[in-house]
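In what follows, a structure is listed as structure tokens, so that the remarks can point back to it.
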Amino acid sequence: MQAQIQAWLESHDIMYADLIAVVIALFGILVTGFLIYQVARLLTRRIMQPILAKSSFLFIRNLSETRLFILLNYLVVGWALNHLVVVWLDPGKTASALSTIAQIWILFNFLFITFSLLDTFSRWGFERQFAVHFPMGGVIQTVKLISSIGIGIAVISLLIGQSPVILLSGLGAMTAVLMLVFKDPILGLVAGIQLSANNMLRVGDWLEMKKYNADGDVIDIGLTTVKVRNWDKTVTTIPTYALISDSFKNYRPMSESGGRRIKRAFLIDANSIRFISETDVQRFTRSNLLADYIISKSKEIDEYNQKADLSLSLNGRRLTNIGTFRAYLIRYLNNHPKVHKGMTIMVRQLAPTGEGVPMEIYCFSNDVVWANYEGIQADIFDHVYAVIGEFGLRIYQNPTGHDVQSIALSNQKNTGLNS
């Protein structure tokens, strides 16, 4: 087209016919490209996008909400400009430069379209809960990285006018360097596959990794990093491959089991431990939880003591307040509506210390929600601290300033009475 325009201008003796012909050709390319843009915009954004937005398929509806149709519009324009250059301009530097720019434009739009499709697929996977069981984020990031490298090689080959094969052959000698540069993405991809294959971690799991001060919910599993939102609302970033090389704790099996462990000990003052009296036996017999235990245990002890010389208190058997209290707690836990009956329920004594006799409650709540679990645990120990005095036992605690003050006041009163 440029040659015909230039010949017509020269036939009318117009000066600078060659330059004017180039300008007219460029203007023709611009106008034609604008018209093609408007037609493509009408087809993609005005017709196709509204139709897909009404689709019954979630993936297609998600596509309609992305920039995919804008990018398709730009891709059509780039393809049209690449062909318009050949139609309007004669072969030369100008045509070659414009053709190269149009081809680079096409490559970049193709890359962005690929990114848009991958992001839509990722969103669809999370909405369908598929990505929760599969490291989709890491795989998609890997595909994006490979696509970017491929487009980058194609763009460089266009700019230098060489075949991509020559560039790829040159990259073979740089394999060691590339392995060093992309070490983290490679390790992350392998780690992501292992985490998925072994069902070790999912988005939404409660992860605890003390080495990285991580304790909270997993919010993203990426190619190179895993993000954990801690309970204080901070976010900890952990290298993906560290989850394979180091140990971490995943609380998902606990949540799936339906029970969360309660394991806490309290200290009993050893000086408050004693045998219970007959009055205590009669009082405990009126307890709904202890009646059967007291009756059966008293019968067993009476049968044993028939053969013993009870003139000495060392002979025979007697009930203790700490043993009766332990039996009461076991029955209390077995009747507690929030304690899981299908899991271990135990009340045990631990090794005595200088601060008293530790007694540990070991059981599982039937509610694994953190706030509810803490409430259940607190309710159990509220009851323990309130009822322990009924057995003549005392909780041990270090003397406080109030205790020292009470002792001093008691001594002053005793001194005044003696004087």
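The values are calculated or read from the model by the stated rules, or taken from the named source; none is laboratory data. All of these numbers come straight from a predicted model, not from anything done at the bench. Virtual Cβ from ideal backbone geometry, glycine too; neighbours counted across all protein chains shown. Calculation scope for accessible area: heavy atoms of the full protein, side chains included, ligands and nucleic acids excluded. Shrake-Rupley method; radii C 1.70, N 1.55, O 1.52, S 1.80 Å.
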Average accessible area per residue (Å²) across the stretch 288-339 - probe 1.4 Å, nucleic acids and ligands excluded
63
From the cross-link list Lys211/Lys233; Lys144/Lys183; Lys227/Lys249; Lys233/Lys263, the entries with a Cα-Cα span beyond 21 Å are Lys233/Lys263
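Hey, any idea what % of the stretch 273-337's accessible area is carbon plus sulfur with a 1.4 Å probe? Each step should come with its number before you reach the end.
Values: 2070 of 4220 Å².
The nonpolar share, carbon plus sulfur, comes to 49 percent.
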Using a Förster distance of 45 angstrom, determine the FRET efficiency expected from the C-beta separation of Trp370 and Arg318, and round it to 0.05.
0.55
